[in-house]
Amino acid sequence: MKIRILIGVLFLAAGCRQSETAADPAAVVQVKTAVATVQPFEDKVGSIGTVVVHSGHLASLSAPAPARITTVYVSVGQKVSVGTPLIAFEQTPFITAAQSAEAALVAAERAYDRARRLADAGIVPRKDAETAATDLAQARAAATTARRMAQLAVVRAPISGVVTQLNASIGASADVNQPLVEVADLSALDIVFNVAPSDAAHIGAGAAVTLSAGETATGEALGIGRIISVGATVDSSTRSVEVRAQAPPSARTLRIGETIFGQISMGTKPRAIVVPIAALVPLGDGFQVFVVNAANIALARKVTVGRRTDTVAEITSGLSGGERVVTEGAYGVEDSVKVTQAK
C-alpha cells in the first residue's frame with residue numbers, strides 16, 4: 001500500500017514539473033525582428049579591379065637596334081616632359097651607318113641622273129633609267145632610316161609623365177625586343193573590373209561605381225567613379241567581360257597595379273521587398289526566413305534572394321512587404337517556436 005502511494009506521489013510531482021516547464025516564460029525564444037519593407041533598391045554588382053594606364057598614355061621604349069648603353073639619364077619615379085633624354089647608346093655605329101647611307105644616296109642620285117641623260121639621248125635603253133630610279137628610291141629610304149636611327153640613339157620621352165619602369169644599366173647591351181624604360185601619364189588612369197556577362201548586360205557607360213581601396217567594400221573610401229566603357233567580348237580564359245571605370249578627381253592619387261574594389265550600379269528597382277541580411281538563414285542551396293505571425297509564432301519560409309548589399313537583401317519571392325521576420329537570433333530559431341522581442 002505504501003509503495004502504491006509513493007508511486008502516485010512521484011507521478012504527480014512529475015506532472016507538476018512538466019506543467020511548470022510548459023508555462024515557463026524562459027522556454028520562449030528571445031529574438032529581434034524587423035519588418036520587410038517595400039522600397040527602392042539599387043541593384044549593384046561587386047568586383048575587384050586593377051588600376052591601369054588609359055590607352056595612349058603609356059610608352060614602353062627599347063633600343064632602335066642592338067647597341068651598348070652609355071648613359072642613363074633618369075630613375076624610377078622621376079617626372080619627365082616630352083623630349084626629355086632617358087637613355088643614350090654608343091653613337092659610333094649609328095653615325096657610321098648614317099654616313100654610309102648618305103654616301104650611297106649621293107651615288108644613287110648621280111647614277112640616276114647619268115642613266116636618265118643617256119636614255120633621253122637614246123644611248124642606253126629606257127629600262128636602265130628605270131632601274132636607276134628604283135635604286136635611287138631605295139637609297140633615299142635607307143638614308144631616311146639611318147638618319148632616324150641616329151636620332152634614336154638617344155631615347156627621349158614621347159609623352160609627359162613619370163618613369164614607372166627602368167631596365168637599363170650603363171655598359172649593358174640592349175636588344176630591340178627588350179623594353180628598357182616605361183613612361184606613364186599618371187593623370188590618365190583607369191580601373192579595370194571583370195564581371196560576368198549576365199551582369200555586364202545591365203551596365204552602361206556613365207553608371208556609378210562606389211570605389212574602395214583593397215579587395216572589399218570595407219577598405220578606404222575613394223568616392224564615386226563612373227563607367228567609361230563595357231567590353232563587347234568575353235575573355236576566353238576568365239569568361240568575364242572587361243569594364244573600365246574612371247576614378248573621381250577627388251580620389252587620392254592611385255598607383256598603377258593597385259587593387260580597387262568597386263560596387264557597380266546596374267540600376268534601381270523602384271519597388272523591391274527588402275529585409276536585413278541577418279534575417280537570411282541558409283537552407284540547402286538557398287535561404288529561408290522566419291516569419292513571425294500575430295501570435296508571435298516564428299514560421300520557417302523558403303525565399304528567393306536577389307541582390308544583396310552589406311546590410312540588406314532583396315527578396316524576389318516568398319515574402320510580402322509588411323511581414324515581420326526574425327533578424328538577430330534567427331540561427332537559433334526552429335519552425336513554429338514561440339518568440340518574444342529581445343530588449
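The values are calculated or read from the model by the stated rules, or taken from the named source; none is laboratory data. Just so it is clear, the structure is predicted and the values come from calculations on it, not from any experiment. Ideal geometry is used to build each Cβ from the backbone, glycine not excepted, and the neighbour counts take in all protein chains shown. Heavy atoms of the whole protein, side chains included, go into the accessibility calculation; ligands, DNA and RNA do not. Shrake-Rupley method; radii C 1.70, N 1.55, O 1.52, S 1.80 Å.
Considering only protein heavy atoms and a probe of 1.4 Å, how much of the accessible area of the stretch 195-326 is carbon and sulfur, as a whole percent? All intermediate terms of the calculation are to be shown ahead of the outcome.
Values: 3460 of 6730 Å².
Carbon and sulfur: 51 percent of the exposed surface of the stretch 195-326.
Considering only DSSP beta bridges with both partners in the chain, what is the antiparallel share in %, to the nearest 5?
Details: 77 of 80 bridges.
Taking every DSSP beta bridge within the chain, about 95 percent pair in antiparallel fashion.
Can you work out the Karplus-derived ³J(HN,Hα) for every residue in the stretch 333-342? Use 6.51 cos²θ - 1.76 cosθ + 1.60 with θ = phi - 60°, whole Hz, and x for glycine or proline.
Here the 3J(HN,Hα) series is 9, 10, 4, 6, 7, 7, 10, 9, 6, 6 Hz.
Using Cα-Cα distances under 8 Å and only pairs 6 or more residues apart, what relative contact order does the chain have, in percent? Walk me through the numbers before you get to the answer.
Working: 713 pairs, mean separation 90.3, N = 343.
Rounded, it is 26 percent for the chain.
Against the longest alpha carbon principal axis of the chain, how many degrees, from 0 to 90 and to the nearest 10, is the axis of helix 126-151 turned?
The answer is roughly 50 degrees.
Quick check: at a probe of 1.4 Å, how many percent of the accessible area of the stretch 21-152 sits on carbon and sulfur atoms?
That share works out to 55 percent.
Between [x] 21.1; [y] 20.4; [z] 27.9, which matches Kirkwood radius over Cα pairs in Å calculated for the structure shown?
[z]
How big is the charge dipole of the chain about its Cα centre, in debye rounded to the nearest 20, if each Lys and Arg gets +1 on its Cβ and each Asp and Glu gets -1 on its Cβ?
Working: 31 positive and 29 negative charges, 97 e Å.
Magnitude of the dipole: close to 460 debye.
Using the Karplus equation 6.51 cos²θ - 1.76 cosθ + 1.60 (θ = phi - 60°), what ³J(HN,Hα) coupling, rounded to whole Hz, does each residue of the stretch 205-222 give in order, writing x for Gly and Pro?
In residue order, the calculated couplings are 4, x, 5, 7, 9, 7, 9, 9, 6, x, 9, 9, 6, 8, x, 4, 5, 10 Hz.
Run the helix sum for the chain: -39,500 (n - 2.57) per DSSP H stretch of 4+ residues, divided by residue count, reported at 222 nm to the nearest 500 deg cm²/dmol.
Numbers: 4 runs with 80 residues, N = 343.
Calculated mean residue ellipticity at 222 nm is -8000 deg cm²/dmol.
Would you list which aspartates and glutamates come within 12 Å of K32, measuring only between C-alpha atoms, while excluding same-chain residues fewer than 8 positions from it?
Of all the aspartates and glutamates, those that pass the test against K32 - Cα under 12 Å, at least 8 places apart if same chain - are E328.
Taking H as built 1.01 Å from N, whose amide H comes closer than 5 Å to the amide H of T37, not counting residues under 5 places away?
The answer is V274, G322.
If I ignore ligands, DNA and RNA and count only protein heavy atoms, how much of S236 is accessible to a 1.4 Å probe, in Å² to the nearest 10?
Spelled out: S236, probe radius 1.4 Å, area about 100 Å².
At 1.4 Å probe size, put L299, L319 in order of accessible surface, largest to smallest.
Details: L299 70, L319 15 Å².
Putting L299, L319 in descending order of accessible area: L299, L319.
Counting only heavy atoms of the protein chains, get the accessible area per residue of the chain (1.4 Å probe) and round it to a whole Å² value. Don't jump to the answer; show the numbers that get you there.
Details: 19630 Å² over 343 residues.
Here the per-residue accessible area is 57 Å².
Using Cα springs under 10 Å in a Gaussian network model of the chain, which residue among A146, A272, A137 shows the largest mean-square fluctuation?
A137
For the stretch 199-281, what does the alpha-carbon gyration tensor say about shape, rounded, prolate or oblate, given a ≥ b ≥ c as the root eigenvalues, a/c under 1.5 as rounded, and a/b over b/c as prolate? Intermediate results must be reported in sequence, preceding the final value.
On the way: a/c = 1.58, a/b = 1.19, b/c = 1.33.
It is oblate, given that a/c is not under 1.5 and a/b is not larger than b/c.
With the cut-off at 1.5 for a/c, could you classify the stretch 55-205 from its C-alpha gyration tensor as rounded, prolate or oblate? Numbers along the way, then the final one.
Details: a/c = 3.96, a/b = 1.86, b/c = 2.13.
Note, shape of the stretch 55-205 comes out oblate.
Could you tell me which of rounded, prolate or oblate describes the stretch 198-243, using a ≥ b ≥ c as the square roots of the eigenvalues of the alpha-carbon gyration tensor, with rounded for a/c under 1.5 and, failing that, prolate when a/b is larger than b/c and oblate otherwise?
Numbers: a/c = 2.92, a/b = 1.55, b/c = 1.88.
It comes out oblate by the Cα gyration axes.
For the stretch 282-297, what does the Karplus curve 6.51 cos²θ - 1.76 cosθ + 1.60, with θ = phi - 60°, yield as ³J(HN,Hα) per residue in whole Hz, taken in order and with x for Gly and Pro?
Couplings: x, 9, x, 8, x, 9, 9, 10, 9, 8, 9, 8, 5, 8, 6, 9 Hz.
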